[in-house]
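> Here it is, the structure in full.
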Amino acid sequence: MFQPNKRPLYLAPMAGFTDPPFRALCHEGGADVVVAEMVSSKAVVRRNPKTLGMLRSYPGERPVIWQIFGCDGFELADAAAYIESLGESDGIDINMGCPMPKITGPGSGAALMKDVESTRRKLEQVVRAVKLPVSAKMRSGWDSRSIVAPDMAQAAADAGCQHVCVHGRTSKQLYQGQSDLEVIARVKEASPIPVIGNGDISTPEDALRMLRETGCDGVGIARGALGNPWIFSRIKRFFETGELAPEPTWMEKVAGAARHFTRAWNFHQRDENAYRGLKGHLVKYFTGHPGSADLRRGVGSVTCNEEMELLILGAAGGNRIMEATLELPGLTERARSSAAQAAGSDHPR
Ligand SMILES: Cc1cc2nc3c(=O)[nH]c(=O)nc-3n(C[C@H](O)[C@H](O)[C@H](O)COP(=O)(O)O)c2cc1C
């Protein structure tokens, strides 16, 4: 799956965000590979219904890598084999970066960075259990006194992993400071397998800096893709031509939010519970424009499909052409007339 020289752009995993509709939108937006939100290996092995529900995929989101977390090599291997058996995954990634105490407490996530040799054995168990490519997503280390990512990348390669993705912060740092490009450069130097550099990329220039300063083989983007799935194609264009495509306009953002809404609505089979995950996404489209705070507040208080339609159409200023392009699901008469009334109002553009 990994194609050197192509500088693949990865959607890095985000629990609660990198769900199937968003993954598909990022593919459309130019991502080469998308990584699903982490799932617990224990829950997969126990066939927890909610977790199994998270293993559903969306048409158009391949290649997709499924990420698991856990601390027991047998459990990780069994979970990976089960996911492979579903036939909807193009790779298995092991979470070695989550800093949340409920994950690291039992020894999972970033706690795996504490013992290189023991983690190498666990990775090897996973590699042996599946035919799919296995990768590891790590932080630079557990804390500033144990920057082990270069050794861990070597260990991952020894275990048979096909690539590593490195977020250049320690687990203790959480999201403070900046992703350390020097550490990622050291990982690249030490690693016999491709390295994806990750952390703080929110513009094409950031992505280029990551490549130039670390020599990494591809870049991983997480927060920078929220409300901004176009970032991947803007980066691609910048890499290929040196041209900096303009930021999406307000109308493009509104249309993006509507597209996201439609995808999620259909994926969740018109279940209004879908809003729980969707609201977090939609507010991100409505960020950074004068007057958009009201819209973000509006998203927070939406309770049904019709209200969401109204809100998005209102943001579009009731523009009839937008209405046609939005392809909102089952646009109601009330939404239509409200949108028409909203035309000419002073919604942010
Ligand atoms: C809300 C949120 C959820 C995350 N969930 C995961 C996860 O499930 N697995 C993982 O490996 N990293 C997870 N991360 C870390 C990101 O993949 C990424 O490494 C980190 O955010 C740095 O990249 P960025 O600056 O591009 O956001 C998460 C980050 C955020 C902000």
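> What is the magnitude of the charge dipole of the chain about its Cα centre, with +1 placed on the Cβ of each Lys and Arg, -1 on the Cβ of each Asp and Glu, and no other charges, expressed in debye to the nearest 20?
Dipole of the chain, to the nearest 20 debye: 400 debye.
> Okay, moving on. In whole angstrom, note down how far apart the Cα centers of region 196-241 and region 300-319 are.
Measuring centre to centre over Cα atoms gives 31 Å.
> Ok, one more. Indicate the gyration tensor shape class of region 80-155 (rounded, prolate or oblate), computed on the Cα atoms with a ≥ b ≥ c the square roots of the eigenvalues: a/c under 1.5 is rounded; otherwise a/b larger than b/c is prolate and the rest oblate.
prolate
> I want to verify a result. In a Gaussian network model of the chain, Cα cutoff 10 Å, which of these has the top mean-square fluctuation: 112, 181, 86?
Most flexible of the set in this elastic network: 86.
> Follow-up question, since we're still on this one. On a 30 Å Cα-Cα criterion, which of the cross-link pairs 188/279; 42/137; 6/137; 137/279; 102/137 come out too long?
From the list (188/279; 42/137; 6/137; 137/279; 102/137), the Cα-Cα distance tops 30 Å for 188/279.
> Still on this model: Note down the net charge around residue 212, summing +1 for each Lys or Arg and -1 for each Asp or Glu among other residues with Cβ under 14 Å from its Cβ.
-2
> Suppose R0 equals 56 Å. What FRET efficiency, 1/(1 + (r/R0)^6) with r the Cβ-Cβ distance, do residue 279 and residue 158 give to the nearest 0.05?
Given R0 = 56 Å and the Cβ-Cβ separation, E is 0.80.
> How large is ³J(HN,Hα), in whole Hz, for each residue of region 87-102 in order, when computed from phi with the Karplus curve 6.51 cos²θ - 1.76 cosθ + 1.60 and θ = phi - 60°, using x for Gly and Pro?
Residue by residue, region 87-102 yields x, 10, 10, 10, x, 10, 10, 9, 6, 10, x, 5, x, 5, x, 5 Hz.
> Please compute the modelled spin-label separation between residue 202 and residue 190, points set 7 Å along Cα→Cβ, answer in nm with one decimal.
Placing both labels 7 Å beyond Cα along the Cβ direction yields 3.0 nm.
> Next question. If I model a spin label as a point 7 Å beyond the Cα along the Cα-Cβ vector, how far apart are those points for residue 114 and residue 146 in nm?
Modelled inter-label distance: 0.6 nm.
> What does the extension gain come out to for residue 174 and residue 102, with contour length at 0.36 nm per residue minus their alpha carbon separation?
So the chain would gain 24.5 nm between residue 174 and residue 102.
> Once the piece of chain linking residue 249 and residue 307 is laid out straight, how much longer is it, given 0.36 nm per residue of separation minus the C-alpha distance between them?
18.5 nm
> Going toward the positive end of the dipole of region 9-241, with +1 on Lys and Arg Cβ and -1 on Asp and Glu Cβ, which of 146, 163, 44 do you reach last?
44
> So who's got an amide H within less than 5 Å of the one on residue 168, skipping anything under 5 residues away but keeping other chains? H placed 1.01 Å off N, in plane.
180, 198
> Given 10 Å bins starting at zero, what is the percent of C-alpha pairs of region 9-241 in each, up to the one with the largest pair distance?
That works out to 9, 36, 39, 16, 1, in percent per bin.
> Whole-Hz ³J(HN,Hα) for each residue in region 259-265, computed from phi via Karplus 6.51 cos²θ - 1.76 cosθ + 1.60 with θ = phi - 60°, x for glycine and proline: what do you get?
Values per residue, Gly and Pro as x: 4, 4, 4, 4, 4, 5, 4 Hz.
> Taking every eigenvalue of the Cα gyration tensor of region 178-221, multiplying by 5 and rooting it, what semi-axes result, largest first, whole Å?
17, 10, 8
> Put a dot 7 Å past each Cα toward the Cβ at residue 131 and residue 47; how far apart are the dots in nm?
Going from the residue 47 label point to the residue 131 one covers 2.4 nm.
> Hey, another quick one. With a 10 Å radius around each residue's Cβ, average the other Cβ atoms per peptide and rank 96-105, 46-55, 61-70, highest first.
61-70, 96-105, 46-55
Only the coordinates and a few stated rules stand behind these numbers; no lab work does. Just so it is clear, the model here is predicted, and its values are computed rather than measured. Here the Cβ is made from the backbone with ideal geometry for all residues, glycine too, and neighbour counts use every protein chain on show.
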